[in-house]
């Protein structure tokens, strides 16, 4: 008998048709998932924006030079001081480089029973400096030393009320010379 088969004549053959339909549906779902993944991969590398803006920056000039800052002199020990006593000592700073320098100083620790002040001057250091006391980690701007010139670096230490007769000031001062670019001079 050829032609059509009735449902009760298919019997055992009805199940393979159902499996084939399920396989086709799974294939279609798999193809859709692969297509979506491929679309996601292709668009992941690019972005779009609704608004765009731009600005031109003036980078300024890059200026190079040689910094050769020399500090000469000796600081004497500051021991056995009574409260209120001041010691002012003088060092000489020389700018041997080919750029002007902006000088600053900073202490590594804040002295407990002493005040420390720095000052740059063209004359001999005075008995009392007018600059504020230095605290640890806070740089103090001292001024400039121009190319080929020397200036005096004055260091003043004052013993405060709590100082003990045998107490010694122990601190490290870092003096820094930064290049001054034309137009930045104060």
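The values are calculated or read from the model by the stated rules, or taken from the named source; none is laboratory data. Fair warning: this is a prediction, and the values are worked out from it, not measured in the lab. So basically every Cβ, Gly included, is an ideal-geometry build from the backbone, and we count neighbours across all protein chains shown.
Some notes on this structure:
- Listed by position, the strands (runs of 3 or more DSSP E) enclosed by the stretch 85-165 that each have at least 1 residues that are surrounded by fewer than 15 Cβ atoms within 10 Å (Cβ to Cβ) and either in contact (Cβ under 8 Å) with a residue 60 or more places away in the chain or not assigned by TED's automatic domain parsing to the domain that holds residue 74 (or both) are 86-95.
- Within the stretch 59-67, not a single residue is surrounded by fewer than 12 Cβ atoms within 10 Å (Cβ to Cβ), in contact with a strand residue (DSSP E or B) (Cβ under 8 Å, 6 or more places away or on another chain) and modelled with pLDDT of 80 or more.
- Counting only residues that are at pLDDT 85 or above and more than 15 Å from residue 153 (Cβ to Cβ), the stretch 97-132 holds 8 of them.
- Sole residue being in contact with a helix residue (DSSP H, G or I) (Cβ under 8 Å, 6 or more places away or on another chain), more than 30 Å from residue 147 (Cα to Cα), at pLDDT below 75 and surrounded by fewer than 11 Cβ atoms within 10 Å (Cβ to Cβ), chosen from 12, 31, 7, 22: 7
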